[in-house]
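One structure below.
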Amino acid sequence: MTTAPHLITEIPGPRSRELHAQRTAAVASGFGITLPVFIARAGTSTLEDVDGNTLIDLASGIAVTSVGAANPRVRENVAAQLDLFTHTCFMVTEYEGFVRVAEWLNAHVPGDFEKRTALFSTGAEAVENAVKIARAHTGRPGVLVIDEAYHGRSLLTMAMTAKEHPYKTTFGPFPNDVVRGPNANPLRGEGPDAALSEIERIVIEHGADHFAALVVEPIQGEGGFIVPAEGFLSGLRRIADAHGIVLVIDEIQSGLGRTGRLFASEHEGVAGDITLTAKALGGGLPLSAVTGRAEIMDAAHTGGLGGTYAGNPLACAAALAVFEVLEDPELLPGVTRIEQSIRAHLEPLLAEFPVIAEVRGRGAMMALEFADPDTLAPRADLAQRVTAACHTAGVLTLTCGTHGNVIRLLPPLVIEPAVLDTGLEILSRSIRSIAAEEAAA
Ligand code: PMP
């Protein structure tokens with residue numbers, strides 16, 4: 001393999017630009033694009049485009065291709081299933097893969113209690129179904145969510161998502177009975193106590209019998225890779241217990257090894273009554289899961305859950321290969337080394353450039369926030385310029401955050417250390433040159 005990044009044209013190259021023009025004529029313009037480059041094939045942690053350029057992948061298709069976008073075990077399992085059948089619909093006739101995926105999740109999702117799992121296709125569908133199940137179990141309507149949360153683009157999950165633009169603008173009205181409580185974001189001086197007592201107040205204000213579910217990301221993804229102040233998650237657990245609310249932990253972005261533990265909630269020693277997975281679960285094929293306490297999961301009446309493609313056989317075959325990779329004893333220590341490497345490259349920049357407010361995250365879910373050093377006013381312009389410089393140099397990075405001022409790093413968990421180092425050197429160089437320009441301005 002050529003060393004990445006390997007650029008033989010500018011980014012995007014001529015063939016990508018040609019295809020992008022065709023896309024513009026054919027595809028609804030509501031889809032945004034981070035980098036208008038068309039991919040021809042992938043390596044473990046690299047993406048080769050249609051112009052023959054090789055990019056370093058620090059995005060994993062937004063935390064999906066954790067085991068790589070061309071993992072041989074995933075390919076083998078999916079190819080074997082493809083030879084047998086592609087679909088039956090699990091509500092019509094059954095197949096074993098669905099059961100094996102459910103068993104693995106029941107065994108590995110946090111919580112020392114009997115569990116059941118329901119499989120779906122997308123993350124938003126998992127969130128919606130968790131709400132359906134929590135309502136069936138409690139007989140209550142309300143859904144409590146957290147500031148800066150992201151839970152999806154369907155109508156209910158848009159209502160649960162905090163950020164207005166681009167997710168919700170012009171798409172309302174939204175389902176009601178969704179209420180938002182405060183976050184505990186350490187950078188903004190938000191400790192857990194004030195947030196938790198406000199959430200407790202919201203619960204009481206709506207009536208102890210109002211909320212079916214409290215839904216929280218253990219580390220917020222789209223909202224800015226915010227690791228909540230210590231004690232926030234366990235405080236939410238206490239509030240949920242005190243009021244009979246189902247605690248739903250949305251591990252769709254943070255789960256399945258991403259943070260150096262199988263689940264991010266393990267860092268806080270908290271188990272949800274229901275835990276949601278998607279993204280990395282299907283190794284690139286669409287698969288999501290709702291896993292929770294047996295008595296809660298079984299509250300939904302027979303026939304009440306499902307979906308034509310829910311737990312598709314090819315996606316289940318892929319998930320079983322993902323589980324094998326996750327069970328490799330070398331994998332999670334490797335994720336911790338990814339965090340060490342990212343910190344070693346980026347933390348020295350904090351002292352050099354006060355406009356970098358924070359380097360944060362866990363494992364291979366790390367971010368860098370740009371903000372005015374005096375006021376903490378977000379500096380999305382810098383995040384955008386650094387991202388553009390990385391893209392031009394052949395390193396695929398993403399931004400996130402309510403204000404778009406956060407660069408997030410989501411490398412495949414199996415990224416080769418040398419490729420990661422090169423990617424981080426290019427990122428550091430881009431930050432240095434843009435932050436230095438900024439300091440001189
Ligand atoms: N929850 C979280 C925490 C997510 O990060 C996402 C996707 N970014 C979703 C839900 C929605 O998943 P999907 O896009 O598969 O519907």
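The values are calculated or read from the model by the stated rules, or taken from the named source; none is laboratory data. Computed from a predicted model, the values in this text were never measured in an experiment. Cβ placement follows ideal geometry from the backbone for every residue including glycine, while neighbour counts extend to all protein chains displayed. The accessibility values were calculated without ligands, DNA or RNA, using every heavy atom of the protein model including side chains. Shrake-Rupley method; radii C 1.70, N 1.55, O 1.52, S 1.80 Å.
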**OP:** Exactly one condition in (1) open to solvent by less than 10 Å² (accessible area, probe 1.4 Å); (2) free of Cβ contacts under 8 Å to residues at least 24 places away in the same chain; (3) among the β-branched types (Val, Ile, Thr) is not met by ILE204; state its number.
**Re:** (1)
**OP:** Considering (1) surrounded by fewer than 24 Cβ atoms within 10 Å (Cβ to Cβ); (2) without any contact (Cβ under 8 Å) to a residue 60 or more places away in the chain; (3) not charged (D, E, K, R), say which one HIS210 fails and leave the rest.
**Re:** (2)
Original post:
Across segment 1-27, what is the total count of residues that are among the hydroxyl-bearing types (Ser, Thr, Tyr) and assigned to a helix (DSSP H, G or I)?
Top reply: 2
**OP:** Looking only at segment 56-75, count how many residues are surrounded by fewer than 22 Cβ atoms within 10 Å (Cβ to Cβ) and not aliphatic (A, V, I, L, M).
**Re:** 4
Subject >> Test: THR392 is surrounded by 24 or more Cβ atoms within 10 Å (Cβ to Cβ), out of contact with any His (no Cβ under 7 Å at 6 or more places or on another chain), among the β-branched types (Val, Ile, Thr) and over 24 Å from ARG188 (Cα atoms) >> reply: no
Original post:
How about segment 256-286: which of its residues are part of a helix (DSSP H, G or I) and open to solvent by less than 10 Å² (accessible area, probe 1.4 Å)?
Top reply: ALA264, SER265, ALA280, LEU281, GLY282
**OP:** Output the number of residues of segment 213-256 satisfying the condition of being over 19 Å from GLU358 (Cα atoms), touching a residue at least 60 places away in the same chain (Cβ under 8 Å) and of a type in the set (Asp, Glu).
**Re:** 2
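Looking at segment 35-55, which of the residues that are outside any loop (DSSP other than H, G, I, E, B) and free of Cβ contacts under 8 Å to residues at least 60 places away in the same chain is least open to solvent (accessible area, probe 1.4 Å)?
Taking segment 35-55 as the starting set, the residues that turn out to be outside any loop (DSSP other than H, G, I, E, B) are 39-42, 46-49, 54-55.
Imposing the further condition that a residue be free of Cβ contacts under 8 Å to residues at least 60 places away in the same chain reduces the set to 39-42, 48-49.
Details: ILE39: 82, ALA40: 58, ARG41: 139, ALA42: 33, GLU48: 58, ASP49: 3 Å².
Applying the filter and picking the extreme gives ASP49.
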**OP:** Report, by residue number, each residue of segment 107-132 that is within 16 Å of the ligand (Cβ to nearest atom) and open to solvent by less than 50 Å² (accessible area, probe 1.4 Å).
**Re:** VAL109, ALA118, LEU119, PHE120, SER121, GLY123, ALA124, ALA126, VAL127, ASN129, ALA130, VAL131
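Condition (residue is among the charged types (D, E, K, R), assigned by TED's automatic domain parsing to the domain that holds THR157 and either under 21 Å from ILE296 (Cβ atoms) or over 18 Å from the mean Cα position of the chain (by Cα) (or both)) applied to segment 242-252: is it met by at least one residue?
Taking segment 242-252 as the starting set, the residues that turn out to be among the charged types (D, E, K, R) are 250-251.
If we keep only those that are assigned by TED's automatic domain parsing to the domain that holds THR157 too, we end up with 250-251.
Retained after the next criterion (residues that are either under 21 Å from ILE296 (Cβ atoms) or over 18 Å from the mean Cα position of the chain (by Cα) (or both)): 250-251.
There is at least one residue in segment 242-252 that is among the charged types (D, E, K, R), assigned by TED's automatic domain parsing to the domain that holds THR157 and either under 21 Å from ILE296 (Cβ atoms) or over 18 Å from the mean Cα position of the chain (by Cα) (or both).
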Original post:
For segment 180-218, which residues satisfy the criterion of being in contact with a helix residue (DSSP H, G or I) (Cβ under 7 Å, 6 or more places away or on another chain), more than 16 Å from the ligand (Cβ to nearest atom) and of a type outside the set (Asp, Glu)?
Top reply: GLY181, PRO182, ALA184, PRO192, ALA195, LEU196, ILE199, VAL203, ALA208, PHE211, ALA212
Original post:
How do the pairs read when you match residues in segment 263-276 that are over 17 Å from ASP241 (Cα atoms) with residues anywhere that are assigned to a helix (DSSP H, G or I), using Cβ under 7 Å and keeping only pairs 6 or more apart or on different chains?
Top reply: LEU276/ALA126; LEU276/VAL127; LEU276/ALA130
Subject >> Long-range neighbours under 8 Å by Cβ, at least six apart or interchain, first residue without any contact (Cβ under 8 Å) to a residue 40 or more places away in the chain and not assigned by TED's automatic domain parsing to the domain that holds ALA280 within segment 311-330, second open to solvent by less than 10 Å² (accessible area, probe 1.4 Å) and assigned to a helix (DSSP H, G or I) >> reply: none
**OP:** Kindly indicate the residue of segment 153-201 that is surrounded by 19 or more Cβ atoms within 10 Å (Cβ to Cβ) and of a type in the set (S, T, N, Q) and also farthest from ILE219 (Cα to Cα) among those meeting that condition.
**Re:** THR157
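Among GLU369, GLU347, GLU352, which is the only one that is among the acidic types (Asp, Glu) and open to solvent by less than 40 Å² (accessible area, probe 1.4 Å)? Steps first, please.
Working: GLU347 fails: open to solvent by less than 40 Å² (accessible area, probe 1.4 Å); GLU352 fails: open to solvent by less than 40 Å² (accessible area, probe 1.4 Å).
None of the others qualify; the one that does is GLU369.
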Original post:
When both residues are 6+ apart or on different chains and their Cβ atoms are under 6 Å apart, which pairs have a first residue that lies in segment 76-97 and is open to solvent by less than 70 Å² (accessible area, probe 1.4 Å), and a second that is modelled with pLDDT of 95 or more and basic (Lys, Arg)?
Top reply: none
**OP:** Could you grab me the full set of residues in segment 287-309 that are surrounded by 21 or more Cβ atoms within 10 Å (Cβ to Cβ) and either charged (D, E, K, R) or away from the ligand (no atom under 15 Å from the Cβ) (or both)?
**Re:** GLY292, ILE296, MET297
